[in-house]
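The values are calculated or read from the model by the stated rules, or taken from the named source; none is laboratory data. Note that the coordinates shown come from a computational prediction; the quantities given were computed from them, not determined experimentally. Note that each Cβ is placed from the backbone with ideal geometry, even for glycine, and that neighbours are counted across all protein chains shown. Accessible surface is based on the protein model in full, side chains and every heavy atom, while ligands, DNA and RNA are left aside. Shrake-Rupley method; radii C 1.70, N 1.55, O 1.52, S 1.80 Å.
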Amino acid sequence: MQVRARLSERIRAVLRTGFGYAVGNGVTVALGWAVVVLGVQFWLGPAASAVASVGALVATAPDRCAPRRDKWSQMLPAPLLSVPLFFVALCLHTHRLGLGLLIVGASFFTFLMMAWGKRGIPIAIGVALAVVFSLATRPPESFQQTLWMTGYFALGSVLYVIWAVLANLLFNARFRVQYSADLLLSLAALLRAQARQFNAVAASGDDSARPPSDTSSGAELLRAQAALADQLQATRDIVLESPRTVRRQQLAAMLIVVLEMRDHLLASELDLDALKADPASAEVLDALRTVLNELARAIDALADALLFMRRPAMPPDLRLRLAQIHLPQEERGGGQFGPTLAMLARGTANRISHLNDEVQRLCAIASGAQAPDLSVVRANWQMFVSPTAWSIAPFLNLWRWDAPALRHAIRAALALGTGYAIAIHLPWGAHPYWVLLTITVVLRGSLSQTLERRNQRVAGTLLGCVIALALLSIHPPALLLLACMMVAQGISQAFAIRRYLYTAVAATVVGLVQAHMLSGDSSPTFALFERIADTLLGTGIAWAFCYVLPSWERTLIPGLITRVLKAQARHARLALGLGPLRAVEISPELDWRLARREAYDSLSALVQATQRALSEPRAVRPPIEALEYLQAHGYQLLAQLSAVKAMLVLRHDRLDPGEIEDPLQRATVAIESALAVPIDSIHADDDVPDGVPILTSGGPVLLPDPFNADISPWLVRRLDFAVRLARQLRHDATRARGTA
């Protein structure tokens, strides 16, 4: 049964990948490239088609699923920059010194595009490929031939850009669904990671004193949080663009529900340590973990229904089962001034019941049984979409010696220049373009990414060389070669981010066949061991230059920590406002949503930087343990504030405004003052508050049953926890920056 279940899950994973947006994008890219190449071949002949295929290949690099608006701005920079470089490279084809200087200079300015982040990286790669593949062409015999070849290159680029814009417009509706499904799968993965926190009673006491790296489930939870935050922004950009039709409004409303679910999921961890520390709660924890896993399966089923174009089925409502999860009231606990274990268990089950309600709402909206809240969708959609216009600010801000993008541009230029100089002086018949291609795709801005690509690039090249050699040895006709290249190009595009090994294999096939077509060589084979040697040389150079002007993660950590503290302070100020208790306009609520997004995104960036730092030498590694404490306490602070916000929004009828207004204001001031203090003025041995109440006066406050009375004392208790966590966060930031 276990083998069958694993096989079924593996098949389901393969189907999800095949129906996902990455493969869908790869298919449109492959079809577009083939249409351009075949069209030019029938129009102008195979020689023109071979050069046009390079122009189209360069234009495919930045072609990713994107909003319909300004798709042109995503696609045009690569052709505009690559056409003149391709022309100059052809002119200098037989001048080694001039070509080497061009490679160094062009690489430097090309890789400055890294300053624009995810938008700039594929453009930089595409432009670099234009120079690299110009070396694979036969030297032009005249200036007129150089102009014709440049014209064919530009024609291929322009035709593909037109295809990309039209294809993105045509398949935009499908991309919205695919991105929504992928977001739901990320949410389900986070739910399962959270469920693993509800494990059996810890044998060695409270786990909260240990950093997340000491428990695999804790580290997995941080990675799942970061993955969801990353996927959320990509989905926002696609799904929240002009939600004017019914289907778009459904998907946009589902996205907003996912945002709320993330808060409820984070809040479900509140009081978990107290429950895990008592053996009497083992049965309750098992029941809650089972419910979380069932909710994850329901979300998986909803994602599958979207991907496979089926009508979603309503999952079973688990609220009744959650209401039955409890401990006897007489179980040991905190006494009359503290919550009993039974209260904590019931409160945790109630918070998870909010997740159940949101899953029900998700499925109802997806199936059309419930109409989306259009007021929320229309009030929020424009504020959550990333800007698409190109700004000059990143270029102006990178001219400082410690800027990672500037250092990477210098590093890449030196690496490619060194690779070219070595390749042209090797004793065997080296292919400079292959060495440069390897350096271009392997060298990344961080050591961890380069090391990952180094290993996968070598393995992929070995297999890709064997496949290409077998293909060329059978003397295939031109149409079969183009068909094989089309499939390989689609695979390379589809798996570039998630399965780079597949991309390395496919890209090797594309590169070798492309070079064979460009060179016009009558021989259908190539020296396998020479290609492998070129690959090893390129990866070795890329690896070595990772240590030239390195941008170690510890240099970025102080800025990321500052971003986290500022985001947490602003989120606290807006989350603790009394807006939900007063009839106010929608704008303060919108400001809170934006602040919440920044709080999550800042923590996600810190988690990802910490993960990358694990691959760096120990001597330059930042204080990993202190950073993991900071991340854990940052998410815990978000959880406490989310719980307070839920009380203000969902249970405001059981709050006394006069009793909570002063604690809310004092908590806001305390949290902002704790997080706004300059880190350099804090000492690492500063005391962190213990469990003594901070916001209440006159001693401990009696905590009534939260389901049968005024819950204002419980809100004040949450505020106390939030203030202590803010001060703990400041303490963690001091430790992390002290040795970073």
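Of all residues in the range 28-53, how many are surrounded by fewer than 19 Cβ atoms within 10 Å (Cβ to Cβ) and under 13 Å from Q493 (Cα atoms)? Break it down stepwise before answering.
Filtering the range 28-53 for residues surrounded by fewer than 19 Cβ atoms within 10 Å (Cβ to Cβ) gives 31, 35, 38-39, 42-47.
Filter again for under 13 Å from Q493 (Cα atoms), leaving 31.
Here the count works out to 1.
The requirement of being crowded, with 24+ Cβ neighbours inside 10 Å and modelled with pLDDT under 80 is fulfilled nowhere in the range 488-502; no residue meets it. In this structure, is R192 among the basic types (K, R) and at pLDDT below 85? Considered against the rule, which asks whether it is among the basic types (K, R) and at pLDDT below 85, R192 comes out as no.
Does V584 qualify as being outside any helix (DSSP H, G or I), hydrophobic (A, V, I, L, M, F, W, C), modelled with pLDDT under 90 and surrounded by fewer than 24 Cβ atoms within 10 Å (Cβ to Cβ)? Here the answer is yes, as V584 does meet what is asked. Taken as a whole, the structure leaves F143 outside the set of residues that are of a type in the set (A, V, I, L, M, F, W, C) and within 30 Å of E241 (Cα to Cα).
Going through (1) open to solvent by 40 Å² or more (accessible area, probe 1.4 Å); (2) without any contact (Cβ under 8 Å) to a residue 12 or more places away in the chain; (3) under 26 Å from V513 (Cα atoms) one by one, A13 falls short only on (3).
Scan the range 128-179 for residues that are over 37 Å from the mean Cα position of the chain (by Cα), surrounded by fewer than 22 Cβ atoms within 10 Å (Cβ to Cβ) and either without any contact (Cβ under 8 Å) to a residue 40 or more places away in the chain or part of a helix (DSSP H, G or I) (or both) and the total you get is 9.
Of the listed requirements (1) among the small types (G, A, S); (2) modelled with pLDDT under 85; (3) part of a helix (DSSP H, G or I), G540 misses just one: (2).
Counting the residues of the range 248-264 that are in contact with a His (Cβ under 9 Å, 6 or more places away or on another chain), farther than 13 Å from L232 by Cβ and buried (at least 22 other Cβ atoms within 10 Å of the Cβ) gives 0. Filter the range 653-668 for residues that are more than 16 Å from L729 (Cβ to Cβ) and in a helix (DSSP H, G or I) and give the result. Matches in the range 653-668: D653, R654, P657, G658, E659, I660, E661, D662, P663, L664, Q665, R666. A5 passes every criterion in (1) touching a Phe, Trp or Tyr at 6+ places or on another chain (Cβ under 7 Å); (2) surrounded by fewer than 15 Cβ atoms within 10 Å (Cβ to Cβ) apart from (1).
Could you identify the single residue in L101, L85 that is among the aliphatic types (A, V, I, L, M), open to solvent by 60 Å² or more (accessible area, probe 1.4 Å) and more than 21 Å from I162 (Cβ to Cβ)?
Working: L85 fails: open to solvent by 60 Å² or more (accessible area, probe 1.4 Å).
From the options L101, L85, the qualifying one is L101.
Is it the case that some residue within the range 469-476 is open to solvent by less than 30 Å² (accessible area, probe 1.4 Å), closer than 23 Å to P62 by Cβ and at pLDDT 80 or above? No, that holds for no residue.
Of all residues in the range 63-80, those that are touching a residue at least 24 places away in the same chain (Cβ under 8 Å) have Cβ atoms under 7 Å from Cβ atoms of residues that are open to solvent by 70 Å² or more (accessible area, probe 1.4 Å) and assigned to a helix (DSSP H, G or I), 6 or more apart or on another chain, in R68/L169; P79/V158.
Results for (1) of a type in the set (D, E, K, R); (2) within 30 Å of L285 (Cβ to Cβ); (3) within 25 Å of the chain's Cα centre (by Cα); (4) at pLDDT below 80, shown as yes or no for each residue.
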site	(1), (2), (3), (4)
M309	no, no, no, no
D317	yes, yes, no, no
Q336	no, yes, no, yes
R361	yes, yes, no, no
G368	no, no, no, no
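State whether the residues of the range 598-609 include one that is part of a helix (DSSP H, G or I), among the hydrophobic types (A, V, I, L, M, F, W, C), open to solvent by 30 Å² or more (accessible area, probe 1.4 Å) and at pLDDT below 90. No, every residue in the range 598-609 fails to be part of a helix (DSSP H, G or I), among the hydrophobic types (A, V, I, L, M, F, W, C), open to solvent by 30 Å² or more (accessible area, probe 1.4 Å) and at pLDDT below 90.
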